[in-house]
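Step one of this worksheet: look at the structure below.
Read-outs throughout are calculated quantities, based only on the coordinates presented, and are distinct from any laboratory measurement. Predicted, not measured: the structure shown is a model, and the values here were computed from it. Virtual Cβ from ideal backbone geometry, glycine too; neighbours counted across all protein chains shown.
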Amino acid sequence: MIDYSTLTIHEAHKLLVSKQISSVELTKGYLQRIRQVEPKVRALVTVTEEMALQQAQQADARIAAGEVCPLTGIPVIIKDNMCTKGVRTTCSSKILENFVPPYDAMVVTKLNTAGAVIMGKANMDEFAMGSSTENSALFVTHNPWDLARVPGGSSGGSAVGVAAGEAVCALGSDTGGSIRQPASFCSVVGLKPTYGLVSRYGLVAFASSLDQIGPLTRDVTDCALVLNTIAGHDSRDSTSVPYPVPDYAACLSAGIKGMRIGVPKEYFVSGMQPEVAAALDTAIARLEKLGAVIDRDVSLPSTPHALSVYYIIAPSEASANLARYDGVKYGYSYKEGASMWEDMEKTRQFGFGPEVKRRIMLGTYALSAGYYDAYYLKAQKVRTLIRREFDAAFTKYDALVTPTSPTVPFKIGEKVADPIQMYLSDVCTLPINIAGVPAISIPAGFANNLPVGMQIIGKPFAEETLFKIAYAYEQATEWHKRKPEI
Ligand code: GLN
């Protein structure tokens with residue numbers, strides 16, 4: 001009997017190539033599982049059943065012909081801000097509720113080329129703005145560890161899809177923490193790659209200098225396998241870096257003896273739950289036992305400014321990116337107005353939710369002629385300081401370790417009325433996007449039976465180092481094996 005909620009890519013791959021199971025059987029198993037758990041967790045905006053079964057059939061033909069990659073025949077979920085040809089891509093927004101893209105995002109093309117099976121599109125905070133998936137204009141997603149709590153966000157649907165066993169792995173996007181924070185809240189592995197490593201062609205833009213696509217998986221090996229599949233230069237994304245992609249899965253078991261790991265004190269913020277801090281202390285002690293040299297006295301003094309910098313830069317870029325939703329080219333269109341201007345205004349008034357409008361207003365204000373220097377330019381300068389502090393730290397350390405989130409998953413509804421409290425949920429993850437460096441969140445314990453994640457940060461393109469540390473920790477602990485009961 002296969003346990004669909006614990007199966008990893010590498011395990012499923014073995015079953016597929018040894019013909020113990022076909023991709024069609026595997027896909028049907030996951031469709032069944034989706035029917036079972038979806039009414040409780042509500043992770044998926046669209047289930048692509050027909051397409052999935054077709055792709056599974058093609059995968060079986062490939063396996064029979066011996067043309068396999070690690071992801072051939074593997075069921076995958078995709079966040080609903082990545083374009084899928086012929087399949088609705090909503091961004092969990094009313095304005096794109098019926099948008100069917102005429103092309104695939106590059107990451108989707110890469111998954112298709114590898115022979116993966118796309119099960120559906122995952123719910124998210126509208127346009128990826130949020131930390132709880134409560135900002136979805138469609139419905140709220142529930143955390144499988146406690147259905148009364150949020151799964152984190154904005155890639156909440158993707159994280160829940162993996163944690164609740166609706167697919168083997170998922171793709172998310174991360175502008176300020178949206179892969180790592182829900183990974184932490186749902187006890188799965190989530191990686192935000194280095195800015196430029198994964199093509200964003202076909203990713204609906206939120207804040208272009210921060211957005212990255214990355215994997216959400218059940219273990220570190222799977223995370224490396226997915227990154228192998230989606231990384232690499234793409235001439236259609238001008239920010240994509242022509243970096244030779246190594247085999248991330250080949251380096252995992254190198255060990256961490258002698259590795260220098262720093263623990264920056266600014267990440268243990270006031271307001272952090274003591275249980276989370278305690279779980280992190282235990283996890284760091286474990287890394288030390290595994291041979292790493294830990295320095296607990298590291299300081300990155302500009303860290304406290306990261307939140308303010310992010311909430312100037314991200315809304316500014318969002319206000320520009322979201323200008324395209326005017327009801328003329330595609331998406332929802334109001335047509336009853338007295339003039340073109342009124343149609344455009346009403347399209348945006350009815351099409352966007354409250355958080356998206358808040359960001360557009362913040363961003364438009366910060367970029368306006370009279371305030372540009374005081375806000376946007378200043379934020380960019382502080383951004384440089386933050387990046388330089390990371391550069392300096394990485395001359396001394398191979399990696400930095402912090403909590404992923406200052407708290408365990410909070411209750412649905414608890415923070416919706418207070419945007420600042422919601423924004424604070426990402427204090428530990430935002431600086432990483434500002435600096436453009438990579439970071440992974442891995443399961444690192446439980447506090448009051450709710451998941452705690454550990455974030456490991458590396459220098460640009462040092463994903464291999466992150467994987468080595470994450471893998472060593474995972475092999476020495478059992479956290480990743482615990483599954484929620486739903
Ligand atoms: N929570 C942050 C925000 O609301 C980050 C979101 C993200 O990474 N997409 O902007």
**OP:** Report, by chain and number, residues whose modeled amide H sits under 5 Å from the one on V117, excluding near sequence neighbours (fewer than 5 apart, same chain).
**Re:** G73, I74, V76
Original post:
Which ³J(HN,Hα) values, rounded to whole Hz and listed in residue order, are derived for region 294-299 from phi using the Karplus coefficients 6.51, -1.76 and 1.60 in 6.51 cos²θ - 1.76 cosθ + 1.60 with θ = phi - 60°, glycine and proline given as x?
Top reply: 9, 10, 8, 10, 8, 10
Original post:
Roughly what percent of Cα-Cα pairs across region 328-486 reach past 25 Å?
Top reply: 55 percent
Original post:
Along the Cα-to-C-beta direction of E50, a point sits 7 Å from the Cα; which residues of region 63-95 have their amide N less than 17 Å from that point?
Top reply: 84-89
Original post:
If each of T364 and A285 carries a label point 7 Å out from its Cα toward its Cβ, how far apart are those two points in nm?
Top reply: 5.4 nm
**OP:** Rounded to whole Å and sorted largest first, list the principal axis extents of the Cα atoms in the chain.
**Re:** 65, 54, 44
**OP:** Give the residue from Q273, I74, A148 lying farthest towards the positive end of the charge dipole for the chain; charges sit on Cβ (+1 for Lys and Arg, -1 for Asp and Glu) and the dipole is referred to the Cα centre.
**Re:** Q273
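Would you mind working out the magnitude of the charge dipole of region 180-258 relative to its Cα centre, with +1 at each Lys and Arg C-beta and -1 at each Asp and Glu C-beta, to the nearest 20 Debye?
Numbers: 6 positive and 6 negative charges, 35 e Å.
The calculated dipole for region 180-258 is roughly 160 debye.
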Subject >> Whole-angstrom gap from region 94-161 to region 235-270, using each part's C-alpha centre >> reply: 25 Å
Subject >> Dipole magnitude of the chain about its Cα centre (Cβ charges: Lys, Arg +1; Asp, Glu -1), debye to nearest 20 >> reply: 200 debye
Subject >> Residue-count net charge about V198 - beta-carbon cut-off 12 Å; Lys, Arg +1, Asp, Glu -1 >> reply: -2
Subject >> Relative contact order computed over region 87-128 (Cα-Cα under 8 Å; 6+ residues apart), in percent >> reply: 48 percent
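Just rank C69, C83, fewest to most, by other beta-carbon atoms within 10 angstrom. All intermediate terms of the calculation are to be shown ahead of the outcome.
Details: C69 16, C83 22.
Going from sparsest to densest Cβ surroundings: C69, C83.
Averaged over every viewing direction, what's the projected area of the C-alpha convex hull for region 126-221? Give it in nm², one decimal, please. It would help to have the intermediate numbers written out before the result.
On the way: hull surface 23.3 nm².
Answer in nm², one decimal: 5.8.
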**OP:** With a bin width of 5 angstrom, please list the P(r) values of region 344-400 as percents of all Cα-Cα pairs, from the 0 bin to the one holding the largest distance.
**Re:** 4, 16, 14, 13, 12, 12, 11, 10, 5, 3, 1
Original post:
Restricting attention to the alpha-carbon atoms of region 39-96, what are Rg (one decimal) and Dmax (integer), both in Å?
Top reply: 14.2, 44
